[in-house]
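*Asks:* Dropping the structure in here first, questions after.
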Amino acid sequence: MDYDFDDIQDKLTGDSASGGGKRHPEHHGSKTSKFIKKEFIQHNHDLRQEEARKNLEKVILSFPQFEGNEDLRNRYLDRYIGWVKECLNQKKLIFRENKDIEVEHSRSSSKGGQNVNKVETAVRVVHEITNMAVHNEETRDQLFNKEKAIHKLKQHLSDHLEDWVAYLDGKDYTTLSRYDVLEVPQNHLTF
């Protein structure tokens, strides 16, 4: 959530364009104003970083449970962190529809007459690397529902990568490891 410092400052000081004229030219140049603006920007930055951590935590806590099988857990985490690093390195979402997703079909629970109970038009798409899933049953057309679900999933994955960028805050992403992933949640993980 971004705020415009100047708009908030105008409201606080009553200097808005509709209510009292223009600011004095030296208004932005004072040391106090610059300090407040710097603190304001830092506060917004900290809020975004904490929001990113919470979003990452939700995804990490949704990872499959491996019932004490540390080898499987480590392979899953290594695949996940490898995907994150490769996406950040290439500065784009890497999405291999034929390899990284699982598509499940089911009967829709929406309106649509008898067709709803006969044809599996609802689609659930799961990104196996992140365990993120999207369900769609907007229409009675299975192909359309699948395309819409994949589109939504890609958006969620892009947002997830943006959360990593905000969370890392300029730190070198190439050094990420499974231990860094396990440290994101503030509570203790028990896989």
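*Asks:* Starting from the eigenvalues of the Cα gyration tensor, five times each then square-rooted, give me the equivalent ellipsoid semi-axes of the stretch 68-184, largest first, whole Å.
*Replies:* 34, 16, 11
*Asks:* Over 27 Å between C-alpha atoms is what I'm after, so list which of LYS54/LYS154; LYS34/LYS91; LYS92/LYS148; LYS58/LYS152; LYS38/LYS91; LYS99/LYS171 land there.
*Replies:* Check vs 27 Å cut-off fails for LYS34/LYS91; LYS38/LYS91; LYS99/LYS171.
*Asks:* Any idea how far apart HIS105 and LEU88 come out in nm if each label point goes 7 Å out from Cα toward Cβ?
*Replies:* Spacing of the two 7 Å Cα→Cβ label points: 3.9 nm.
Only the coordinates and a few stated rules stand behind these numbers; no lab work does. Values in this document were obtained by computation on a predicted structure and should not be read as measured data. Because the Cβ atoms are built from the backbone with ideal geometry, glycine has one as well, and the counts that use them run over all protein chains shown.
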